[in-house]
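The values are calculated or read from the model by the stated rules, or taken from the named source; none is laboratory data. A quick note: this is a predicted structure, and the numbers were derived from the prediction, not measured. Every residue, glycine among them, receives a Cβ derived from its backbone with ideal geometry; neighbour counts consider all protein chains shown. Just so you know, the surface numbers come from the protein's heavy atoms only, side chains and all, with ligands and any DNA or RNA stripped out. Shrake-Rupley method; radii C 1.70, N 1.55, O 1.52, S 1.80 Å.
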Amino acid sequence: MQLKLSHLASAFLIAASLSTSANAQVVQVDTAHGIYYEAPLRSHMFVYSPSVTLTANPTDSVSIYGGWEADIVSGASVSTKAGPAYAATHPSLTPDVISAATNLTDFRNVGKGGFTIKHDNTSFGGGGLYSSENDYHSISFNVMARTELFEHNTQLQLDYAHNFDDVCDTVQNPNALPVARVALPSSKGCFTDDKTKTTRDISIDSLQGSWSQAWTPVFQTQAIYTLSVIHGFQSDPYRSVLIGEGVKAQEYTPLDRMRQAVALRANWYLRGFKGAMRLGLRGYRDSWNIYSGEVNLEIEKYFGPSFRAAINGRFYKQSGAIFWSDDYSGGNAPLGPKGQYFTGDRELSPFWSVMAGVKLTWAFVAGDKKVLGFMNNFRFVAAANLIDFNYENFTLAGTPVNGTFAYLLNLGLSAGF
Amino acid sequence: MKKNAFLFFGLLALLFTSAACVTVRPQERAVLADPVMQFEGDPIIANQLHHAIDNREGSFGGSGVAGGGCGCN
């Protein structure tokens, strides 16, 4: 890792030294730090996410970037999912299932790099990343093409990415039916020569097309279509689901999933207000029969030339996967088995959420003099958001998981030299 | 189904062609270039937010395709 970082630093020094203009901005440094905390019952999931990105422009038409980001995770995860029908006949189970949440820690490291080449109104780019955590490895590459038409009022962009991912799993009996598969007890021994662990492949192809359009000097829109096709092991390897009397098995979800989303955004500048209103809509459906809709509204206003403040709100609602049930062991709808698959994943259950937040930005751009005597630009951003998740059917052994709050805090610092 | 598809792509083509008639001249683009008018004004913070939310919902899309791993368990 240290070797890679030194190579990265050398590349940026070379890029900077190739700059043709002493006055042109050569290097941009961006760093961000995010905190995510949620406390549904006893999980207390805490994630700290630092990142740093260096972007260099060795010539006017070439831009290269490299960066690192991480997720440092601690909390607890439910290892065995049961529903109310099962809990009703096993009254002593409820505290066990909730307290059986296993403590976890993880450290996801991501190294990434890429480039963009611009010629006239057209840009091409490419990049890659390597991500590693205790139980998951990912190698991904992406390419991008963008063009501007009609006096720069229209921008069309195509993005494609492919992921080669591996997830750790326990070695299963090859002849065992899914209902006899056992969950991974821990990530200890993953991606080593431990004979009790193995890896399962996941491949992801993602394609996105976007059309940005300036309609008036104060109004522009963007339409985006995203398609993603996933093939491979998509269950939580650690989680078991109670599927019958005394029978629990590792989650079992389909190997294939096709996901599609359409998003529409509109930005409107309000001159008298000295700010902008941003509206976003998104519709989503996938081959697991999850439908979702999302509305975003953000209003940002200048208070002086360098400071601006924004408030934002978001409403999100989704249906559950066609095979999702809160209790596969029985009971009346929406409980009961739903075909051959079973999952304890609350993200696949029907729920809605509301998010609200604020964002404060201080931004300075060099005029006749550089910012603090040495920077072309400087920006500090602080954002705080609160999400209220409301799970309509998901329970922990019959105990509802409503009013689950998540708290997000993000700080960003950017400087151009 | 075919009729709906024709209607959708017809409307899309009509909308796209109408974009050619739009003339926001270069000297009128100052506001459009303002940071508050960008679709991803603070991309790094926006990426962190999308990453946190996408891993806790059953859906995704509309905000880029590059990424790897979850960091969520």
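When A:A183, A:A214, A:A145, A:A176 are screened for being in contact with a Ser or Thr (Cβ under 6 Å, 6 or more places away or on another chain) and either more than 9 Å from chain B (Cβ to nearest Cβ) or crowded, with 19+ Cβ neighbours inside 10 Å (or both), only A:A183 passes. Anything in region A:222-245 that is of a type in the set (S, T, N, Q) and under 19 Å from the mean Cα position of the chain (by Cα)? List them, or say none. Result: A:T226, A:S228, A:Q234, A:S235. With respect to the conditions (1) more than 21 Å from the chain's Cα centre (by Cα); (2) over 30 Å from B:M37 (Cβ atoms); (3) within 14 Å of chain B (Cβ to nearest Cβ), A:M258 falls short on a single one, namely (1).
Considering only residues that are surrounded by fewer than 16 Cβ atoms within 10 Å (Cβ to Cβ) and not hydrophobic (A, V, I, L, M, F, W, C), look in region A:149-161 and name the one that is modelled with the highest pLDDT. Out of the qualifying residues, it is A:H152.
For A:L242, the test of being touching a Leu at 6+ places or on another chain (Cβ under 9 Å) and open to solvent by 30 Å² or more (accessible area, probe 1.4 Å) is failed. A:K112 satisfies every condition listed in (1) part of a loop (DSSP other than H, G, I, E, B); (2) surrounded by 15 or more Cβ atoms within 10 Å (Cβ to Cβ) except (1). For region B:7-34, the set of residues classified as of a type in the set (A, V, I, L, M) and more than 7 Å from chain A (Cβ to nearest Cβ) consists of B:L7, B:L11, B:L12, B:A13, B:L14, B:L15, B:A30, B:A33, listed by residue number.
Could we say that A:T198 is over 22 Å from A:L279 (Cα atoms), open to solvent by less than 70 Å² (accessible area, probe 1.4 Å) and either over 29 Å from the mean Cα position of the chain (by Cα) or more than 13 Å from chain B (Cβ to nearest Cβ) (or both) here?
Details: over 22 Å from A:L279 (Cα atoms): yes; open to solvent by less than 70 Å² (accessible area, probe 1.4 Å): yes; either over 29 Å from the mean Cα position of the chain (by Cα) or more than 13 Å from chain B (Cβ to nearest Cβ) (or both): yes.
Judged against the criteria, A:T198 is a match.
From the list A:F417, A:F374, the lone residue that is aromatic (F, W, Y), surrounded by fewer than 17 Cβ atoms within 10 Å (Cβ to Cβ) and touching a helix residue (DSSP H, G or I) at 6+ places or on another chain (Cβ under 9 Å) is A:F417. Just to verify a result, which residue in region B:15-73, among those that are closer than 25 Å to A:V262 by Cβ and among the polar types (S, T, N, Q), is modelled with the highest pLDDT? Among those residues, the one meeting the criterion is B:Q38. In the condition set (1) open to solvent by 20 Å² or more (accessible area, probe 1.4 Å); (2) modelled with pLDDT of 85 or more; (3) farther than 23 Å from A:S132 by Cα, A:A22 is compliant with all but (2).
If you check A:G246, A:G272, A:G313 for being on the phi > 0 side of the Ramachandran plot and away from chain B (no Cβ under 11 Å), only one passes: A:G246. Taking (1) part of a helix (DSSP H, G or I); (2) open to solvent by 20 Å² or more (accessible area, probe 1.4 Å); (3) more than 7 Å from chain A (Cβ to nearest Cβ) in turn, B:I53 satisfies each apart from (2).
Taking region B:35-45 as the search range and keeping residues that are within 7 Å of chain A (Cβ to nearest Cβ) and more than 11 Å from A:F219 (Cα to Cα), which one is surrounded by the fewest Cβ atoms within 10 Å (Cβ to Cβ)? Reasoning before the result, please.
Step one: list which residues in region B:35-45 are within 7 Å of chain A (Cβ to nearest Cβ), which gives B:35-37, B:39, B:42, B:44-45.
From the residues that got through so far, the ones that are more than 11 Å from A:F219 (Cα to Cα) too are B:35-36, B:39, B:42, B:44-45.
Details: B:P35: 15, B:V36: 22, B:F39: 19, B:D42: 23, B:I44: 23, B:I45: 24.
Restricting to residues being within 7 Å of chain A (Cβ to nearest Cβ) and more than 11 Å from A:F219 (Cα to Cα), the top hit is B:P35.
Which members of region A:277-289 meet the condition of being surrounded by 20 or more Cβ atoms within 10 Å (Cβ to Cβ) and in contact with a Pro (Cβ under 9 Å, 6 or more places away or on another chain)? Steps first, please.
Just the residues of region A:277-289 that are surrounded by 20 or more Cβ atoms within 10 Å (Cβ to Cβ), to begin with: A:278, A:280, A:282, A:284, A:286, A:288.
The one that is surrounded by 20 or more Cβ atoms within 10 Å (Cβ to Cβ) and in contact with a Pro (Cβ under 9 Å, 6 or more places away or on another chain): A:W288.
When A:L54, A:L104, A:L93 are screened for being open to solvent by 20 Å² or more (accessible area, probe 1.4 Å), among the aliphatic types (A, V, I, L, M) and modelled with pLDDT of 95 or more, only A:L54 passes.
Considering each residue of region A:309-323, count those that are open to solvent by less than 10 Å² (accessible area, probe 1.4 Å) and either touching a strand residue (DSSP E or B) at 6+ places or on another chain (Cβ under 7 Å) or of a type in the set (D, E, K, R) (or both), and give that number. Total satisfying the criteria: 4.
Scanning region A:106-138 for residues that are closer than 30 Å to A:S77 by Cα and more than 7 Å from chain B (Cβ to nearest Cβ) yields A:F107, A:N109, A:G111, A:K112, A:Y130, A:S132, A:N134, A:D135, A:H137. Within region A:322-381, the set of residues being farther than 30 Å from A:Y407 by Cβ and among the hydrophobic types (A, V, I, L, M, F, W, C) comprises A:I322, A:F323, A:A333, A:L335, A:F342, A:V365, A:A366, A:V371, A:L372, A:F374, A:M375.
Yes or no: A:L386 without any contact (Cβ under 8 Å) to a residue 60 or more places away in the chain, under 22 Å from the mean Cα position of the chain (by Cα), open to solvent by 30 Å² or more (accessible area, probe 1.4 Å) and within 30 Å of A:F273 (Cα to Cα)?
The answer is yes for A:L386.
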